[in-house]
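S.K.: Below is the structure I would like to discuss, written out as structure tokens.
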Ligand SMILES: [Zn+2]
Ligand SMILES: [Zn+2]
């Protein structure tokens, strides 16, 4: 049996974002959640869209059970960006709801997009730079390189410039159905 990651031991299990602690989207925090008004030890620090001010203010449990979406209309990614405006696979409405309304996303330098494959949303793994890319299957490097659209002349330089913390950053995803690595980077 696969070993559980640290997020699975401490947090609700997010189907499309299996380890939000290691990806950096959820951090240990003593701050009270604006949805449940409790301090539960962890806080979400990724992107959130709402007419309410919710930056760094929601606990993982209120994302998971839909409370944050119900109370504040919180969206964690723009529905149109799931599948990149139709460029990647379309996904069923139930998947769309789960990804947009009940799954922590991440912070991109440009508008976040969610990779889809095999008719499903992929798992978000982590933001990565050129250093981190070395630790993944080489097919991820290839996927990010191809998606960037840079010509052969500029590509190596661009890939070297990817940085997890200062951008442009690449965003690693893995298909839940076939295991294909994919994603995109901050090219525009
Ligand atoms: Zn909460
Ligand atoms: Zn797939």
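Nothing in this text is a laboratory measurement; each read-out follows from the coordinates by a stated rule. Predicted model only: the values in this text are computed from it and were never measured. Counting neighbours? That spans all protein chains shown, and the Cβs are built from the backbone with ideal geometry, glycine included.
S.K.: Using Cβ contacts closer than 10 Å as the measure, can you line up 120, 153 from fewest to most?
M.R.: Fewest-to-most ranking of 120, 153: 153, 120.
S.K.: What is the list of residues in region 133-150 whose amide nitrogen lies under 12 Å from a point 7 angstrom out from the Cα of residue 110, following Cα to Cβ?
M.R.: Hits in region 133-150 for residue 110 at 12 Å: 147-150.
S.K.: Hey, what number do you get for the chain at 222 nm if only DSSP H runs of n ≥ 4 count, each worth -39500 (n - 2.57), divided across all residues, to the nearest 500?
M.R.: Taking each H run of at least 4 residues, the total per residue is -7000 deg cm²/dmol.
S.K.: Next question, about the same structure. Can you give the FRET efficiency to the nearest 0.05 for residue 56 and residue 152, using r as the Cβ-Cβ distance and R₀ = 45 Å? Before the final figure, lay out the partial values.
M.R.: Values: r = 41 Å, r/R0 = 0.92.
Given R0 = 45 Å and the Cβ-Cβ separation, E is 0.65.
S.K.: Then there's this: Mean shadow of region 6-185, computed from the convex hull of its alpha carbons, in nm²?
M.R.: 10.1 nm²
S.K.: Moving on. List 52, 117 from most exposed to least, where exposure is judged by having the fewest other Cβ atoms within 10 Å.
M.R.: Ascending Cβ contact count within 10 Å gives the list 52, 117.
S.K.: Here's another thing I want to ask about it. Taking Cα centroids, how far is region 18-34 from region 68-86 in Å?
M.R.: 19 Å
S.K.: For the chain, what is the relative contact order in percent, using Cα pairs closer than 8 Å and at least 6 residues apart in sequence? Display every interim value, and only then the final one.
M.R.: Working: 370 pairs, mean separation 34.3, N = 188.
Once divided by the residue count of the chain, the mean separation gives 18 percent.
S.K.: Going by alpha carbons, how many degrees (0 to 90, nearest 10) lie between the helix axis of 138-148 and the longest principal axis of the chain?
M.R.: Rounded to the nearest ten degrees, it is 90.
S.K.: Let me ask another. Test of understanding: ordering 180, 169 by Cβ neighbours within 10 Å, fewest first, what list do you get?
M.R.: Ranking 180, 169 by Cβ neighbours within 10 Å, fewest first, gives 180, 169.
S.K.: Determine how many Å³ per residue the convex hull of the Cα atoms of region 37-98 encloses.
M.R.: Dividing the Cα hull volume of region 37-98 by its residues yields 91 Å³.
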